[in-house]
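*Asks:* My questions all concern the structure below.
Computed from the coordinates by the stated procedures, all read-outs in this text should not be read as laboratory data. Keep in mind the model is a prediction, meaning the values are calculated, not measured. FYI the Cβ positions are ideal-geometry reconstructions off the backbone, even for glycines, and counts take in every protein chain you see.
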Amino acid sequence: MAKAKRSIPELYEAARGGERRALGRLLTLVERGGPDADAVSELAHADSDGAHIVGITGAPGAGKSTLVGQLVTDLVEAGAKPAVLAVDPSSPLTGGAILGDRIRMDDIAEHGPAPGTQRPSTFIRSMATRGHSGGLALAVPLAVRLFDACGYDPVIVETVGVGQVEVDVVGAADTAVVVMTPGMGDAVQANKAGLLEVADVFVINKADRPGANDVRRDLDLMLDLSHMTGQESEHGYRPPIVMASALKGEGNVEVWKTVEDHRAHLRATGQETIRRQNRIRTEVRARLAQAMSNAAEAAMDGEGAAQLHRAETAEISPNEATNELLRQLLRES
Ligand SMILES: Nc1nc2c(ncn2[C@@H]2O[C@H](COP(=O)(O)OP(=O)(O)O)[C@@H](O)[C@H]2O)c(=O)[nH]1
Ligand SMILES: [Mg+2]
């Protein structure tokens, strides 16, 4: 007889007890969104425990995954239980590569390590958004909360690029790490993308390549400039720059030490609480925007269809129709 499908609370209990497959299933629900994702979030909310959330961003190919792999290895050796959420905004260009990654990572994630290869105390999961751009803003905080509730700490969120979504995702972390490399005008790109403002730690990776010191100098200059114009983050914190060569396993120890130092700084200045509050605010705003958008769609299809039709036939103006629909919406809520 086929095993009965487990309920969300059953899956959640199993995941908290260390069952990787159950956690994988819950993450899939979170990724899909909707009422099931909300149910998971409710459960996780009660048990989440303030894991250190570390965001890592940088251009594709900068070496983020290589670095994260090093960091995770170090963390596990030090007795920690880290989780990695690799965020892949779906892209038609890189879909194939992402899919390849995804299968490999999920394989590890849900079935546990192949003998002698992977460490069981870490969980790596890639998450795609299936095209809707709002998806990330909703799913990432839920996934992070779930990892936290299941005892993972730190939770490392790796993004693939340096667009607005990535800046938002990483900017919502406790510690935002921006990875750059020599020779691609990375410092200038990062500046344009608004990453200088959200970065807490800079890593110049591939320091084994020529030009690493040039990137460092460019970045230093830009940080000086933002300091002079008063854009530097409050409490006298200037994001440190760490040189690394992730492929050779050089610099990762210093990267993590710098990340820990940043957390200590957040705590010492009371900013950890402020960041957490901002994170909740951002999450609530994203959820509210989604709920309003859903309600608007439903209103145009349902109760408000008549008003919409009157606007379509030019009997009333779009403005009037909108106001009438809005009044209906607010009455209902
Ligand atoms: N030369 C050099 N190559 C590196 C270093 N770190 C990573 N790479 C290589 O850069 C490529 C992209 O690395 P990956 O970690 O997948 O980058 P991501 O796209 O930022 O996650 C891979 O071929 C890595 O082996 C490094 O420190 N030095
Ligand atoms: Mg990567």
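*Asks:* Taking the Cα of GLU250, stepping 7 Å toward and past its beta carbon, and measuring to each backbone N in the range 192-210: which are under 17 Å?
*Replies:* Those under the cut-off are 203-210.
*Asks:* Further question on the same structure: So, by mean Cβ neighbours within 10 angstrom, what's the order for 35-41, 7-13 with the highest one leading?
*Replies:* Values: 35-41: 17.4, 7-13: 15.6.
Put in order of decreasing packing, that is 35-41, 7-13.
*Asks:* Just list whichever of LYS81/LYS248; LYS206/LYS248; LYS206/LYS257; LYS81/LYS257 have alpha carbons separated by over 21 Å in the model shown. Numbers along the way, then the final one.
*Replies:* Numbers: LYS81/LYS248 23 Å; LYS206/LYS248 9 Å; LYS206/LYS257 19 Å; LYS81/LYS257 17 Å.
Where the Cα-Cα span goes over 21 Å, the pairs concerned are LYS81/LYS248.
*Asks:* When the Cα centres of the range 158-209 and the range 249-303 are compared, how far apart do they sit, in Å?
*Replies:* So the separation of the two Cα centres works out to 17 Å.
*Asks:* As an exercise, identify the GluC sites (Glu not before Pro) in the range 204-306 lying in DSSP coil whose Cβ has no more than 11 other Cβ atoms within 10 Å.
*Replies:* On the way: sites: GLU232, GLU234, GLU250, GLU254, GLU260, GLU272, GLU283, GLU297, GLU303; in loops: GLU232, GLU234, GLU303.
The qualifying sites are GLU234.
*Asks:* Placing unit charges on C-beta atoms (Lys and Arg positive, Asp and Glu negative, everything else neutral), compute the dipole magnitude of the range 286-332 about its Cα centre in debye, rounded to 20. Present the calculation step by step, with values, prior to reporting the outcome.
*Replies:* Details: 4 positive and 8 negative charges, 45 e Å.
The calculated dipole for the range 286-332 is roughly 220 debye.
*Asks:* Provide the gained length on full extension for the span TYR237 to LYS257, in nm with one decimal, where the gain is 0.36 nm per separating residue minus the Cα-Cα distance.
*Replies:* Working: separation 20, 0.36 × 20 = 7.20 nm, distance 1.58 nm.
Going from the current span to full extension adds 5.6 nm.
*Asks:* If you look at just the Cα atoms of the range 286-332, how large are its Rg and its Dmax in Å?
*Replies:* Gyration radius and largest Cα-Cα distance of the range 286-332: 10.9, 35 Å.
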